[in-house]
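J.: I am attaching a structure below and will ask some questions about it afterwards.
The values are calculated or read from the model by the stated rules, or taken from the named source; none is laboratory data. As the structure is a prediction and not an experimental result, all values here were calculated from the model. In this analysis, Cβ positions are derived from the backbone assuming ideal geometry, glycine residues included, and neighbour counts consider all displayed protein chains.
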Amino acid sequence: AYRRSNGKAIELSAAFVPLIRFVILIGFTATLFLGGLKAANGELSVGTYGFMVFIIQRLLWPFTTLGQTLDQYQRAMASINRVMNLLDTPIAIPTGDRSLPTHQVKGEVDIQNITFSYVDRTPALKDLSLHIPAGQTIGIVGATGSGKSTLVKLLLRFYEIQQGQILIDGIDIRELRLRDLRRCMGWVSQEVFLFHGTVAENIAYGSFDASRSEIVQAAKLAEAHEFIEQLPQGYDTIVGERGQKLSGGQRQRLAIARAILKDPPILILDEATSAVDNETEAAIQRSLLTITQHRTTIAIAHRLSTIRQAHCIYVIEYGRIVERGTHEELLELNGLYTSLWRVQSGIRG
């Protein structure tokens, strides 16, 4: 609807604005030519002729703004139609009515027989089940498109579960209020979103009552404090829209600091160190070992070295779990995980 409305506005502008200018040109030319002839023949005084030219100019040129005003009006109406369509869009994910105070969450996650597919696509997840005991760290690995991130989006209820169920502390997440569900989780995604504000404001987003000392401590744990101190105004430096003044690695460290500050019972790391160099990644991993202690953590990774300390690692292929176990147990299976490990480690054979 927005494209149609905007298209009509562009068509009208393309037709009306040149027409207005053409009319002005004809009127001005006619005045100059006819008035000039009459002045030359003595039928019109030179003073009157000059006055007519002046008046015509003053009267005709404002018509150019009429075309611009009409163009702006049409575009505004197209934007209003878009906003109204958005307001009329039904809520795709209905919230539950059961409360879940964050301080009461133990962090046990039970995913039972989940099947999910995007519109007009093959299933991204097929009858997938896994159990995460409270306080443990699991790793999820697999090729691009295997369904890893889809699982996280279902856990956060960005999409509705089509088949199966996900339980947190034995409660179906569809019964929970969305606000309570998402308050008990901290999510560090591959694509970091930062607002046009200061470094401190971006770290504290979601934890608005945090003190400056708590913000600094979270930044230190995320290995972000050092580069923040080197910024022109330190923690008060404006990062720009979407953090455009920072590098990818710096943005990702701020996102990790934001999750640390939130201190959620369940922490989700979706390629959390994908945009940092090896040295920074090693430092962040050391911090995460402390942060994830006694906290349910779901770590999705392409770099297997980042999850080798996990209590259990799940290997997903084509939406199904094909292998599970610790790092050492999976290497003994000599399967898909072993192949991935050899490729990343540079081991032949």
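J.: Return the residue satisfying two criteria in turn: it lies in segment 116-142 and is surrounded by 16 or more Cβ atoms within 10 Å (Cβ to Cβ) and over 26 Å from the mean Cα position of the chain (by Cα), and of such residues it is farthest from residue 187 (Cα to Cα).
T.: 126
J.: Checking the structure you have, find out if any residue of segment 259-278 is among the acidic types (Asp, Glu), at pLDDT 80 or above, surrounded by fewer than 22 Cβ atoms within 10 Å (Cβ to Cβ) and assigned to a loop (DSSP other than H, G, I, E, B). Full working, then the answer.
T.: Going residue by residue through segment 259-278, those that are among the acidic types (Asp, Glu) are 263, 270-271, 277.
This time we only want the ones that are at pLDDT 80 or above, so: 263, 270.
Then drop every residue that is not surrounded by fewer than 22 Cβ atoms within 10 Å (Cβ to Cβ), which leaves 263, 270.
Next, from what is left, pick out any that are assigned to a loop (DSSP other than H, G, I, E, B): 263.
Yes, segment 259-278 contains at least one residue that is among the acidic types (Asp, Glu), at pLDDT 80 or above, surrounded by fewer than 22 Cβ atoms within 10 Å (Cβ to Cβ) and assigned to a loop (DSSP other than H, G, I, E, B).
J.: Related question: Scan segment 143-151 and give yes if some residue there is modelled with pLDDT of 85 or more, outside any helix (DSSP H, G or I) and loosely packed, with under 14 Cβ neighbours inside 10 Å, otherwise no.
T.: No.
J.: Does residue 242 satisfy being buried (at least 17 other Cβ atoms within 10 Å of the Cβ) and either in the same structural domain as residue 139 (by TED's automatic domain parsing) or assigned to a helix (DSSP H, G or I) (or both)?
T.: Against the criterion (buried (at least 17 other Cβ atoms within 10 Å of the Cβ) and either in the same structural domain as residue 139 (by TED's automatic domain parsing) or assigned to a helix (DSSP H, G or I) (or both)), residue 242 does not qualify.
J.: Answer with yes or no whether residue 284 is in contact with a strand residue (DSSP E or B) (Cβ under 8 Å, 6 or more places away or on another chain), in the same structural domain as residue 187 (by TED's automatic domain parsing) and within 25 Å of residue 227 (Cα to Cα). Step through it out loud before you land on a result.
T.: Details: in contact with a strand residue (DSSP E or B) (Cβ under 8 Å, 6 or more places away or on another chain): no; in the same structural domain as residue 187 (by TED's automatic domain parsing): yes; within 25 Å of residue 227 (Cα to Cα): yes.
For residue 284, the condition - in contact with a strand residue (DSSP E or B) (Cβ under 8 Å, 6 or more places away or on another chain), in the same structural domain as residue 187 (by TED's automatic domain parsing) and within 25 Å of residue 227 (Cα to Cα) - is not met.
J.: Moving on to the next point. Can you list residue pairs whose Cβ atoms sit under 9 Å apart, with the first residue in segment 197-219 being closer than 20 Å to residue 288 by Cα and the second being of a type in the set (Ser, Thr, Tyr)? Count only pairs 6 or more apart in sequence or on different chains.
T.: Every condition considered, the pairs that remain are 203/235; 214/207; 215/207; 215/235; 216/235; 218/207; 219/235.
J.: Can you spot a residue in segment 97-105 that is part of a loop (DSSP other than H, G, I, E, B) and within 30 Å of residue 336 (Cα to Cα)? Working first, answer last.
T.: Our first condition is that a residue be part of a loop (DSSP other than H, G, I, E, B); within segment 97-105, this holds for 97, 99-101, 105.
Filter again for within 30 Å of residue 336 (Cα to Cα), leaving none.
No, segment 97-105 contains no residue that is part of a loop (DSSP other than H, G, I, E, B) and within 30 Å of residue 336 (Cα to Cα).
Table: residues versus (1) modelled with pLDDT of 80 or more; (2) of a type in the set (D, E, K, R); (3) surrounded by 19 or more Cβ atoms within 10 Å (Cβ to Cβ); (4) under 27 Å from residue 125 (Cα atoms).
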{"position": "215", "(1), (2), (3), (4)": "yes, no, yes, no"}
{"position": "250", "(1), (2), (3), (4)": "yes, no, yes, no"}
{"position": "286", "(1), (2), (3), (4)": "no, yes, no, no"}
{"position": "297", "(1), (2), (3), (4)": "yes, no, yes, yes"}
{"position": "300", "(1), (2), (3), (4)": "yes, no, yes, yes"}
{"position": "315", "(1), (2), (3), (4)": "yes, no, yes, yes"}
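J.: When you look at residue 166, is it crowded, with 16+ Cβ neighbours inside 10 Å, in contact with a Lys or Arg (Cβ under 7 Å, 6 or more places away or on another chain) and in a strand (DSSP E or B), yes or no?
T.: On the way: crowded, with 16+ Cβ neighbours inside 10 Å: yes; in contact with a Lys or Arg (Cβ under 7 Å, 6 or more places away or on another chain): no; in a strand (DSSP E or B): yes.
Criteria not met by residue 166.
J.: Restricting to segment 82-125, and then to whatever is within 24 Å of residue 266 (Cβ to Cβ) and of a type in the set (Lys, Arg), can you tell me which residue is modelled with the lowest pLDDT?
T.: Here the residue is 98.
J.: Within segment 170-183, is even one residue closer than 19 Å to residue 284 by Cβ and out of contact with any Phe, Trp or Tyr (no Cβ under 6 Å at 6 or more places or on another chain)? Before the answer, list the steps.
T.: Going residue by residue through segment 170-183, those that are closer than 19 Å to residue 284 by Cβ are none.
For segment 170-183, residues closer than 19 Å to residue 284 by Cβ and out of contact with any Phe, Trp or Tyr (no Cβ under 6 Å at 6 or more places or on another chain): absent.
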